[in-house]
Structure formats: C-alpha cells, structure tokens
Amino acid sequence: MAEPVIEIRGLGKSFNSKSGPVVALRDINLTVEKGDIFGIIGMSGAGKSTLVRCINLLERPTEGSVIFNGQDMCRLSAEELNRARRSMGMIFQQFNLLMQRTAEANVCFPMEISGVPRAKAKERARELLELVGLGERAQYYPSQLSGGQKQRVAIARALSTEPKVLLCDEATSALDPSTTASILNLLRDINRRLGVTVVIITHEMSVIEQICNRVAIISESRIAECGTVEEVFSNPRTDAARRLVLPEGRRAAHIKADRLYRIVFNGSSSLNPVIADMILECRAPVNIIHADMRNMDGKAFGQMVVQLPEDPETCRRMLDFMASRGLAMWEIPPGSCIDCDPEDYDYEQERGRHA
C-alpha cells in the first residue's frame, strides 16, 4: 500500500464578510499518496485555490486538519510550520518572480532565507536551472524571459529547498497550449526523477488527462468525486464530474434502433485499431452511432455505441472478437439513453448483467 504524504480530514474554511460568514470549503477529505501526481479540478469559484492554500496553511482552516508527513499542520508552532513549509514547494499562475533579480538570484532567494551559504546556494541554483532547461539563462532577468521560461524559473525556485511535495496553483493557465505541454512534461519528469509528489490545481481537463494519475473534482465547496483518472473519466458518477468530463452541451439521446451495442474502453492501447480489426476479421461493416473517447498517456478511455449487422452469426463473431481483446461489449435496449448519464444508464448494473 502506498504511503500517504498528505491527509486532509474534515477540512472546512470560512471567510467573514459584511453580510456574514462565507463558506469556501466544507468537509474536505482527501489523501495524496507519495509519488502521486494528484489533480484537483473544478469550475471557477469552486474552492480549489483556497484548498491548496489550506494545505500549506497560507490559509488556516476553520475546522478539520491537514496531516503532512504524519504531522498535523494546524497544531505546529510557528517555527515548526515554517520548517514544514520548506518541504512544500509552490508555483503560481503569475510566476511571482522578483523582477530586479536574475533567474539564478530568484532561485537562490528561498535558500538565502533558510540560511544556506551563498556559494552553496548559487551552486544549487545552477543545478536546478540546468534541470529545468535554463542553464544558459541563469543571468537573465524575468523581463528577458518568455512566460514558459519564467514558469521554469519558478519551478526551479520551488525545488530549491528540496521539497517532498510541489503544489501547483493554476500553474499553466497563463501559458499557450504548446508551452503548457512542455511545463507538464517537466513536472512529470521531476516527479519521476526526484520522487517529488505533485498536487495540481486546475480548471482545465486537458491538464488532468495529460499528467495526473489521480483526481478529485471539487464543486460548490465540496469534493464531488475522487479516484483514479481512469475511473472518473470513464464513468463519471456525479453531475459535477459529468459537467467537466463530458463534452460541453452534449445531451442524452434515445435511439430506437435494433442491435445497438456499447463498448467501454478502460485502458486498452489507443494504438490498437480494434474496431477496424473487428470489421476486417468478421468481414462486415458496423455503424458507429456515438463515441466519447480520450487518449490518456497512450491508452484509450471512454465508450462507443455501434450498430451491428443483422446476421446473428456475424454479431456473435463480433462479440467474441471484442471479448478476445479484453473489451466489454453488451447490447443496449432500443430507446435507451446512449450517453454516460447514470440517471438513464447504470454501468455497474449493466456490467453485472453481462458478466
């Protein structure tokens, strides 16, 4: 069993306003395990940025606890809290670099505060700038760097205190898609090479798809759903999850045609053309009625609805073919809803029925 590095228990956070208390977080319970790339996603105003700031107590929770490396952050003295925070690096949407300092000096800054000798700090800063691909720009000022390069400096700065956890609050929201991909690849590389646990706060589904292994969906100040990315994306169970996971504006459709079959893809290689192979093997066409597929880390997740040929023997051969490829395929009664909405379609019940 993986070792938990962050445990959030019954966490709540309220702010005072002129009209009375405003509840930002309610009864948050999450566990982030060592080595995770854990995504927290939600719409604007859902409470996700408040949550990440509660993790390192930049915002002190109103109730509940945050356990980091076995210590309750809410019960630490000021000195102990500062020491624990040094094990939590943080990067932000707007980089927050010191404009009057070079890239190297920005990376040195946290080490200066911690009392690291100047020569050792500069050596560490150069190593980290090499790690993030900016070794040749150590003496550049932030005004001389692109947005992606600024974020790389911010990542190097966050790593300067050798943290166990890297907290990323909308770290790619200000970047273009190509630069976002390169930053996410860098975070994945840091996770793998240095063993740093990464927590990513985002409103972008593509970020979760590209890098995270586990995800929590936050909605209206609560955790609506939590699990592996594969579980949540292939079978969203709550309205909040479906709003984020399913294509915007898609409505449930009821089809009255015969011989409709649903195929669920839950981790088979996206490079395997299983539908095309089935058609070639069985020498009969199929009609693709609906598809909702995602490619995550080279694997296919989602579902497809197809109409099989009239011939019963051909249908049987196609079902056998899909079973041989390890994919579930079952018939949908005419008039049934063809999307993932559990109000109309129960995956678990259907799996049990056709097991």
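Relative to the current alpha-carbon distance between residue 112 and residue 189, full extension at 0.36 nm per residue lengthens the span by 25.1 nm. Only one residue of 84, 94, 140 has its Cα farthest out toward the positive end of the dipole of the chain, where Lys and Arg carry +1 and Asp and Glu -1 on Cβ, and that residue is 140. Close amide H contacts of residue 25 (hydrogens built in the peptide plane, cut-off under 5 Å, sequence separation of 5 or more or a different chain): 13. Both radii are taken from the alpha-carbon atoms of the chain; with Rh as the Kirkwood radius, Rg/Rh is 1.06. Counting protein heavy atoms only, the chain has 46 percent of its accessible area on carbon and sulfur, 1.4 angstrom probe. Membrane-span-like helices in the chain (whole DSSP H runs, Cα extent of at least 24 Å along the helix axis, mean Kyte-Doolittle hydropathy of at least -0.5): 177-194. The mean accessible area for residues of the chain, using a 1.4 Å probe and ignoring ligands and nucleic acids, is 49 Å² per residue. Stokes-Einstein diffusion for the range 41-87, with the hydrodynamic radius set to the Kirkwood value over Cα pairs and evaluated at 25 °C in a medium of 0.890 mPa s, equals 215 µm²/s. The range 5-68 and the range 135-182 have Cα centres spaced 24 Å apart.
The values are calculated or read from the model by the stated rules, or taken from the named source; none is laboratory data. Because the structure is predicted, anything quoted here is derived from the model rather than measured. Glycine gets a Cβ as well: all are built from the backbone with ideal geometry, and neighbour counts include every protein chain shown. Keep in mind that these areas ignore ligands, DNA and RNA; they rest on the heavy atoms of the full protein, side chains included. Shrake-Rupley method; radii C 1.70, N 1.55, O 1.52, S 1.80 Å.
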